[in-house]
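One structure below.
The values are calculated or read from the model by the stated rules, or taken from the named source; none is laboratory data. Everything numeric in this text was worked out from a predicted model, so none of it was measured. Positions of Cβ are backbone-derived with ideal geometry, glycine not excepted, and every protein chain shown enters the neighbour counts.
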């Protein structure tokens, strides 16, 4: 019998309530688990020991998950998590009509466990991937109707379903396509469509225009960030692990301050939305208690490594160190490390490990996607058979090619770029007394200041909404030097 087993718990859409997560973590703690991870498909991952001296072990852990109606897999990935762009909703630029309720209506409609990878995406965001699933639903410009792009398993061939799918039909369509694709041999796109429609009518619309996706630009997803009258907090961990004790504290604070959900991201981080300004100090103390840093450089956040890949993490860290030493610019790019032949990673630059000499040695092949857009998934070879020591140098050359070809998002580059945060492109002023931020993108609803008003244009009588200090108390700041 193995000493450890890998438990995978799907958090549908990357959403989990603090109460549910608390139940999972408390059961895991009794089973001897001390750290957990979040996967690239927004799922919860942990290794559980077969038997523990004082803990309950695997059997008791399974029992507690069953009692709480929590679905899980052990040492298997036959039922992949449904991922979504809900984690970006409200906090990053997204479309006009998709709301929290629409996402949840879709998730609630799944009364079966999918065996195909399903992605639910807002078409206007670039935080979560569009085409890493087998069934990729992307919002159209018509309210409550979605494009569907189908990708066969272990393939990069994608075809667009010839109709737009109605929101509440998504679970039903997914189940039909799954029945067709998993029970039949090779098929072309027309056969798939005809067999799905033959199973019954689907509420749909004719496609009237092609899908236009935004230019990829990864938003800075860490730290405290104001939006409207509230704050969201992004938490990234360099080793991609979170201690049970820390997460239990997060759940406790969420429950005490009436935050109803926690979001996981494809970048293996957490986002907590809806933090009231009056509760900000509680979160500051929580991060301080566990020594959690929330100001990592952007060139460390734009990476995706396979789940539980220490080799991939080690390579990532060594490359980032050299990037820092050489002051390499990576704005607009995202990188992926693939050390397992059949794994799927998301990036505009992909570093693939390849074994040579009957597996005695290995080298790395470096690819980039067409136009450096990670959502195209079509790879172009840049350099092959690269020794590990030379990978950072090759990536620097590739980054220079990216900028030389003018692929960088011109809209994003108009803003003053700072390698640590997109927020630096916006005029920020901070109160020296209580550290409150005035961000012209949001204005100040407490004082009746609408969004878009520059700090310089505020009346002389303006005062801090938190401590009522005078306007002269505010000083201009950059995002990476904010006092938090």
query = Which is surrounded by 20 or more Cβ atoms within 10 Å (Cβ to Cβ) and touching a residue at least 60 places away in the same chain (Cβ under 8 Å), of 255, 247?
reply = 247
task = Would you be able to tell me the number of residues in segment 76-93 that are touching a helix residue (DSSP H, G or I) at 6+ places or on another chain (Cβ under 6 Å) and either over 18 Å from residue 139 (Cα atoms) or without any contact (Cβ under 8 Å) to a residue 24 or more places away in the chain (or both)?
result = 0
inquiry  = Can you tell me which condition residue 387 does not meet? The list is (1) over 15 Å from residue 319 (Cα atoms); (2) out of contact with any helix residue (DSSP H, G or I) (no Cβ under 9 Å at 6 or more places or on another chain); (3) surrounded by fewer than 20 Cβ atoms within 10 Å (Cβ to Cβ), and all the others hold.
reply    = (1)
task = Report whether or not residue 127 is crowded, with 23+ Cβ neighbours inside 10 Å, touching a helix residue (DSSP H, G or I) at 6+ places or on another chain (Cβ under 6 Å), touching a residue at least 60 places away in the same chain (Cβ under 8 Å) and in a loop (DSSP other than H, G, I, E, B).
result = yes
request  = Return only the number of the condition from (1) at pLDDT 80 or above; (2) surrounded by 13 or more Cβ atoms within 10 Å (Cβ to Cβ); (3) not assigned by TED's automatic domain parsing to the domain that holds residue 348 that residue 434 does not satisfy.
outcome  = (1)
task = Pick out the one residue from 294, 328 that is modelled with pLDDT of 90 or more and touching a strand residue (DSSP E or B) at 6+ places or on another chain (Cβ under 7 Å).
result = 294
task = Go through segment 201-216 and count every residue that is in contact with a helix residue (DSSP H, G or I) (Cβ under 8 Å, 6 or more places away or on another chain) and either farther than 24 Å from residue 130 by Cα or surrounded by fewer than 19 Cβ atoms within 10 Å (Cβ to Cβ) (or both).
result = 5
query = If you check residue 106 against the conditions, is it surrounded by 23 or more Cβ atoms within 10 Å (Cβ to Cβ), touching a helix residue (DSSP H, G or I) at 6+ places or on another chain (Cβ under 9 Å) and not in a helix (DSSP H, G or I)?
reply = no
Out of 329, 321, 295, sole residue that is in a helix (DSSP H, G or I) and surrounded by fewer than 21 Cβ atoms within 10 Å (Cβ to Cβ) = 321
remark   = Note on segment 448-458: residues out of contact with any strand residue (DSSP E or B) (no Cβ under 7 Å at 6 or more places or on another chain) and in contact (Cβ under 8 Å) with a residue 12 or more places away in the chain are 449, 452, 453, 454
key: Criterion (at pLDDT below 95, assigned to a helix (DSSP H, G or I), over 19 Å from residue 122 (Cβ atoms) and not assigned by TED's automatic domain parsing to the domain that holds residue 138) met by exactly one of 58, 24, 70   = 58
Selection within segment 278-292 - surrounded by 11 or more Cβ atoms within 10 Å (Cβ to Cβ) and not in a helix (DSSP H, G or I) = 290, 292
inquiry  = Can you tell me which of (1) assigned to a loop (DSSP other than H, G, I, E, B); (2) within 24 Å of the chain's Cα centre (by Cα) is the one residue 187 doesn't meet?
reply    = (2)
task = Just name the residue that is farthest from the chain's Cα centre (by Cα) out of those in segment 359-375 that are touching a residue at least 24 places away in the same chain (Cβ under 8 Å) and in a helix (DSSP H, G or I).
result = 371
